[in-house]
Amino acid sequence: MKHKLLFFMAFFLPCLVFAQGNVSVKGSVIGAVSNDPIPGVIVTVTELNRQVTTDADGNFTIRNIQPGTYVIQLNSVMITPKSVSIEVENLGVTELKPIRVTELNANEDVSMIGIIDAGMVDDDVETSGQDVSSTVILSNDIFLNKAAYQLSPARFSPRGYNSTQEVKYINGVEFNDQNRGVFNYAAVGALNDMTRNGDVTNFTAPSSFTFGELGGTENINMRASSYTPGGKLTLSYTNRNYYLRGMFTYSTGLKDNGWAFTTSIGGRYSNEGNIDGTFYKNVSFAFSAEKQWKGGEHSLSMVAFVSPVQRGQQGSSYREVYELTGNYLYNPNWGYQNGEKRNAKVVTAFDPTAIISHIWKINDNMTLTTGVGAHYARYGNTALNWYNAPDPRPDYYRYLPSYFEDEMVQLRYKELWRTNQTSFTQINWDDLYLANANNIRNGNGAAVYMLEERRSDLLETSFNSTLNARMSRHFDITAGVGARYTQSRQFKTVADLLGAEYVLDIDKFAEQDFSGDPDKIQNDLNRPQRKVYEEGIFGYNYNLNIYSLNAWVVNQYHSRYWDYYYGMKLTYTSFQRDGKMRNGRYPDSSFGKGARHQFTDLMVKGGLTYKFNGRHMINANISYGSEAPLPNEAYVSPRITDRTIDDMKSGRVLSADINYIFSTPHLAGRIGVFQTNFYDQMERSSYYDGIEGTFINHVLYGVNRIHRGIELGATYKLDDHWSFDLAGTVGEYYYSNNPDGIKNSENGKIVEREQVYMKDVYVGGVPQIAGTFGIRYFIKYWFLGANLNGFARNYIEAAPLRRLASSYTEVTPYNQYYDAFKQLTTQERFPAAYTLDLSIGKIFYLPGRQSINFNLSLNNVLNKKDICTGGYEQGRFDLDHPERFGGKYYYMQGINCFLNVSYRF
């Protein structure tokens with residue numbers, strides 16, 4: 001690593017010798033009607049791909065720019081995007097007239113449009129039901145701005161990338177957690193006013209605050225001086241996961257003594273959401289303080305926020321269940337208890353965060369930004385557990401009509417489902433309590449049924465320091481270092497014994513196979529046959545300790561016709577499992593600190609732009625490098641053992657794109673082609689194996705995928721009233737090889753390695769063809785809009801178990817199993833679909849710089865309830881009855897609304 005750092009410095013430091021330039025542009029952005037300065041507007045010099053942000057007084061400065069004609073783009077969630085042509089003089093400072101923009105709150109809420117997403121059915125995903133990233137709202141890329149937001153109800157993801165490939169910073173400090181690689185949007189829930197401002201980098205383009213990531217990066221600016229002075233009160237109504245939302249934000253602006261303060265409180269609530277059995281309770285608070293010293297050389301900001309939430313979850317189910325009940329939003333997670341609905345899967349999250357950030361303007365051409373952040377995350381998800389008892393889930397496959405061969409029995413079960421007898425179609429809590437009571441009467445206080453809480457807590461600290469330097473009229477350099485430490489605590493507790501006295505800490509799956517060996521069935525050999533009571537830890541308990549260091553640099557060159565950039569990032573990652581229980585199936589590899597896994601990774605990137613003139617250009621980008629596997633996916637069965645695959649190594653990514661970018665007075669946009677090759681990736685799926693009677697973790701390694709496609713984003717402004725948007729993509733995201741896989745059962749019985757036939761299987765859960773066409777009309781601060789959205793080529797997520805040769809040893813082209821084999825190995829493709837959205841809004845300006853804004857959006861106004869947005873194949877299957885273990889699906893909500901009213905003063 002030492003030699004690589006020396007090479008890193010020797011290669012890039014010579015770029016620091018260029019002389020300083022002295023040509024700059026100063027301007028301001030104000031509201032066309034209110035005449036108020038507008039802070040947080042991203043000002044982009046299109047030809048140079050450089051961005052600055054307006055300060056609290058609406059001012060901006062573009063330093064060290066060559067004389068000539070340029071187009072600057074202004075964008076913010078608070079305004080209608082605008083392009084302006086400017087002339088830069090030969091020497092000194094070019095002073096622009098104030099740029100007037102249309103103030104707008106059309107994107108007042110950027111939350112998901114009430115879909116049932118994958119996160120809501122995954123017990124271990126912390127991002128469920130969360131907000132659409134404001135990255136797509138703030139992006140100056142028309143394709144991202146229009147398509148990624150408008151198509152979010154269909155679970156659209158640009159280029160098919162997942163959330164780990166998009167990184168979030170707050171005040172210059174990275175906040176994607178190191179275990180799962182995702183940003184927890186719930187941590188800033190109902191703090192919309194505090195998270196509106198920021199810097200955005202599209203895909204792998206150069207950035208002012210980071211090296212950049214494949215899916216783009218965003219630096220949320222929560223410094224107190226960046227907010228408009230005054231207050232804002234917001235009330236919202238919707239028919240989604242929550243019904244009511246309220247927020248109040250007040251900012252002092254930057255005072256004469258150099259201090260600025262901003263605070264915000266908010267909340268979201270529903271006793272029951274649009275989906276049966278769900279609920280939402282959330283309160284949030286944020287406080288930001290900043291001190292700027294005279295001369296503007298130093299600024300110190302402090303921000304703290306917390307947004308505790310408790311919500312009842314929606315679950316996926318079989319298509320058979322949806323059709324029998326006539327409800328595509330059927331939720332199997334709830335049932336009646338004492339006449340009230342009770343959800344078995346409840347998420348409780350609490351994520352307090354604090355950040356201290358310092359900005360040092362070394363001179364007019366050099367700025368050093370340094371920040372430290374810390375946050376603690378308490379995340380728990382409850383679920384039913386049972387022992388030697390019938391499965392309590394109402395949509396268990398044995399309770400479905402298709403399970404039975406007798407027609408009379410089928411008819412009886414169909415009638416139970418169709419008449420919606422909730423004692424059958426939902427969880428029967430009374431029966432669960434009764435089973436435990438009967439066990440106690442029989443002299444056994446152990447729980448037959450109980451409610452467990454699966455905890456995934458996190459303690460994380462991060463340090464980032466970034467240097468931005470304008471070395472000459474032609475050269476910019478951005479460099480940074482980062483360090484992070486994470487302790488991820490994984491365990492589960494007894495949430496509710498449902499009337500029982502205790503739960504015995506043994507593995508119910510292992511007992512079926514090792515009943516004669518009392519050691520094998522113990523979850524903790526250090527405390528065998530332990531009785532666990534409510535709030536006690538049982539089952540599994542381990543920590544993941546994760547460390548990382550990185551250093552990076554990006555150089556940019558600008559000239560009249562050509563721009564280019566190149567950069568490199570070096571990252572060191574280390575993680576180690578620390579088991580707190582000595583598992584009976586793995587007594588030698590479960591307790592204490594395990595092996596330390598270390599990775600040194602290098603990423604390089606570059607790009608070239610040719611400018612025909614100020615309004616037309618061609619841009620190309622390429623990046624290649626390696627990335628350490630996520631600790632969350634590295635272990636074969638992390639709950640019970642330290643084992644990983646042999647010779648675990650970093651995955652590699654090669655990505656390239658070519659774009660034509662145009663910006664004329666009436667028409668602007670981008671047409672691009674891209675291809676990303678993923679090599680040596682790791683994926684883990686988990687499922688219950690009914691044949692073996694145990695829980696299986698199936699890890700694929702050496703996975704290769706290809707993501708490629710065409711993107712188009714364009715907006716046409718007919719006049720001051722009418723504008724038209726078109727954005728869409730045709731992509732192809734698929735597995736390009738047959739990786740190896742290892743199955744590991746949690747009962748310790750199975751450890752198998754076998755090649756998995758995944759080649760040419762499509763990446764599931766994301767539409768690979770998608771587009772939107774929008775019409776906008778503006779008059780006297782009335783805003784009207786309509787969007788027609790379409791999406792297609794969306795596939796079910798494939799189960800690796802169904803693509804093992806050993807699963808079909810009995811199959812030949814000539815026997816009765818061949819048709820079942822074809823059915824089980826053919827990946828399902830969901831029907832294409834379209835939706836129509838409408839919106840209307842109005843701003844009323846009042847005396848004294850006050851205003852009232854309202855907007856109403858109606859999504860899926862055609863009330864299409866049968867649009868399947870995703871699903872997954874089950875891990876198990878039956879060759880004799882291939883339809884028995886069908887896929888599980890989730891659907892888009894029908895017509896839904898969002899009404900928002902805000903008052904500024």
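Taken together, the values in this text are just the output of simple stated rules run on the coordinates, not laboratory data. As the structure is a computational prediction, the values presented were derived from the model and not from experiment. Positions of Cβ are backbone-derived with ideal geometry, glycine not excepted, and every protein chain shown enters the neighbour counts.
Suppose we keep just the alpha-carbon trace of segment 614-687; what are its Rg and Dmax in angstrom?
20.1, 62
If amide H atoms are built 1.01 Å from N in the plane of the peptide, which residues on other chains or at least 5 residues away come under 5 Å of the amide H of Y242?
Those lying under 5 Å, H to H, from Y242: there are none.
Given the Cα-Cα distance of Y269 and D457 and 0.36 nm per residue of separation, how much length would full extension add, in nm?
Numbers: separation 188, 0.36 × 188 = 67.68 nm, distance 2.42 nm.
Taking 0.36 nm per residue and subtracting the Cα distance, the gain is 65.3 nm.
Read phi for every residue in segment 712-726 and hand back ³J(HN,Hα) as whole Hz from Karplus 6.51 cos²θ - 1.76 cosθ + 1.60, θ = phi - 60°, with x for Gly and Pro.
Per-residue couplings from phi come out as 9, x, 8, 10, 10, 9, 5, 7, 6, 10, 10, 8, 10, 10, 9 Hz.
With r as the distance between the Cβ atoms of D646 and S574 and R0 = 22 Å, compute the FRET efficiency 1/(1 + (r/R0)^6) and round to 0.05. The partial results should precede the final answer.
On the way: r = 19 Å, r/R0 = 0.86.
Approximately 0.70, to the nearest 0.05.
Once the piece of chain linking Y716 and I537 is laid out straight, how much longer is it, given 0.36 nm per residue of separation minus the C-alpha distance between them?
On the way: separation 179, 0.36 × 179 = 64.44 nm, distance 5.95 nm.
Computed gain between Y716 and I537 is 58.5 nm.
Could you give the length gained by full extension between F612 and L368, i.e. 0.36 nm per residue of separation minus their alpha carbon distance, to one decimal place?
Working: separation 244, 0.36 × 244 = 87.84 nm, distance 3.43 nm.
This chain segment gains 84.4 nm when fully extended.
Over 24 Å between C-alpha atoms is what I'm after, so list which of K345/K888; K82/K146; K168/K492 land there. Before the final figure, lay out each step's value.
Values: K345/K888 17 Å; K82/K146 15 Å; K168/K492 29 Å.
Over 24 Å Cα-Cα: K168/K492.
Less than 11 Å Cβ to Cβ from V756, Lys/Arg counted +1 and Asp/Glu -1: what total charge do the surrounding residues give? Intermediate values should be presented prior to the final figure.
On the way: positive: K743, R753, K759, R802, R803; negative: E683, D740, E754.
Spelling it out: positives minus negatives among the neighbours equals +2.
What list of whole percents do you get for P(r) of segment 542-584, with Cα-Cα distances grouped in 5 Å bins up to the one holding the largest distance?
That works out to 6, 15, 14, 10, 11, 8, 9, 7, 6, 5, 4, 3, 2, 1, in percent per bin.
Would you kindly derive the ³J(HN,Hα) couplings of segment 180-194 from the backbone phi angles with the Karplus curve 6.51 cos²θ - 1.76 cosθ + 1.60 (θ = phi - 60°), listing them in order in whole Hz, with x for Gly and Pro?
9, x, 10, 8, 8, 5, 4, 5, 10, x, 6, 10, 4, 5, 7
Under 12 Å from a label point 7 Å along Cα→Cβ of Y688: give me every residue in segment 406-447 with its amide N that close.
none
Sequence-distant or interchain residues sharing an amide H contact under 5 Å with T278, placed H: which?
Placed amide hydrogens put G273 under 5 Å from T278.
Using Cα pairs under 8 angstrom and six or more residues apart, how large is the relative contact order of the chain, in percent? Before the final figure, lay out the partial values.
Working: 2570 pairs, mean separation 90.9, N = 905.
Rounded, it is 10 percent for the chain.
Taking the chain as the reference, fit the longest principal axis to its C-alpha atoms, fit the long axis of helix 2-12 to the helix C-alpha atoms, and give the angle between the two in degrees, 0 to 90, nearest 10.
The angle comes out at about 30 degrees.
Report the Cα centroid-to-centroid distance between segment 162-195 and segment 738-792 in angstrom, as an integer.
If we compute the Cα centre of each part, the gap is 21 Å.
So if the hydrodynamic radius of segment 727-840 is defined as the Kirkwood radius over C-alpha pairs, what does Stokes-Einstein give as its diffusion coefficient at 10 °C and 1.306 mPa s, in µm² per second?
Numbers: Rh = 17.9 Å.
Rounded, D is 89 µm²/s.
With a cut-off of 14 Å, note down the residues of segment 877-900 whose backbone N falls inside the zone around a label point 7 Å from the Cα of N863 toward its beta carbon.
Within reach of a label on N863: 894-897.
Go through segment 831-846 residue by residue and turn each phi into a ³J(HN,Hα) via Karplus (6.51, -1.76, 1.60, θ = phi - 60°); whole Hz please, and just put x for glycine and proline.
x, 5, 8, 9, 9, 10, 10, 10, 8, 8, x, 8, 10, 10, 8, 10
With r as the distance between the Cβ atoms of A304 and N438 and R0 = 51 Å, compute the FRET efficiency 1/(1 + (r/R0)^6) and round to 0.05.
After rounding to 0.05, the efficiency reads 0.50.
Give, to the nearest whole percent, the P(r) tail of segment 286-403 beyond 17 angstrom, counting all Cα pairs. Walk me through the intermediate numbers first.
Numbers: 5001 of 6903 pairs.
More than 17 Å apart: 72 percent of the Cα pairs in segment 286-403.
Arranged by the count of other C-beta atoms within 10 angstrom, fewest first, what order do K232, K82 take?
Values: K232 20, K82 16.
Fewest-to-most Cβ neighbours within 10 Å comes out as K82, K232.
Might you report the magnitude of the Cβ-based charge dipole of the chain about its Cα centre, with Lys and Arg at +1 and Asp and Glu at -1, to the nearest 20 debye? Spell out each step's value before the answer.
Numbers: 87 positive and 92 negative charges, 448 e Å.
Dipole size: approximately 2160 debye.
What are the equivalent ellipsoid semi-axes of the chain, built from the alpha-carbon gyration tensor (square roots of five times its eigenvalues), in whole angstrom, biggest first?
Working: eigenvalues 459, 189, 153 Å².
Taking √(5λ) for each eigenvalue gives 48, 31, 28 Å, largest first.
By how many degrees, between 0 and 90 and to the nearest 10, does the Cα long axis of helix 429-441 differ from the longest principal axis of the chain?
That works out to roughly 50 degrees.
Return the long-range amide H neighbours of N176 (sequence gap of 5 or more, or a different chain), with a cut-off of under 5 Å between placed amide H atoms.
Close amide H contacts, sequence-distant or interchain: K168.
Label points 7 Å out from Cα along the Cβ direction at L91 and R829: separation in nm?
Roughly 6.6 nm, to one decimal.
Using only Cα atoms, find the angle between the long axis of helix 407-418 and the longest principal axis of the chain, and express it within 0 to 90 degrees, rounded to the nearest 10.
That helix lies at roughly 40 degrees to the long axis.
Could you give the alpha-carbon Rg of segment 522-620 over 2.2 N^0.38 Å, rounded to two decimals?
2.05
Provide the net charge surrounding E627, with neighbours chosen by a C-beta distance below 11 Å and charges set as Lys +1, Arg +1, Asp -1, Glu -1.
Surrounding charge for E627 is 0.
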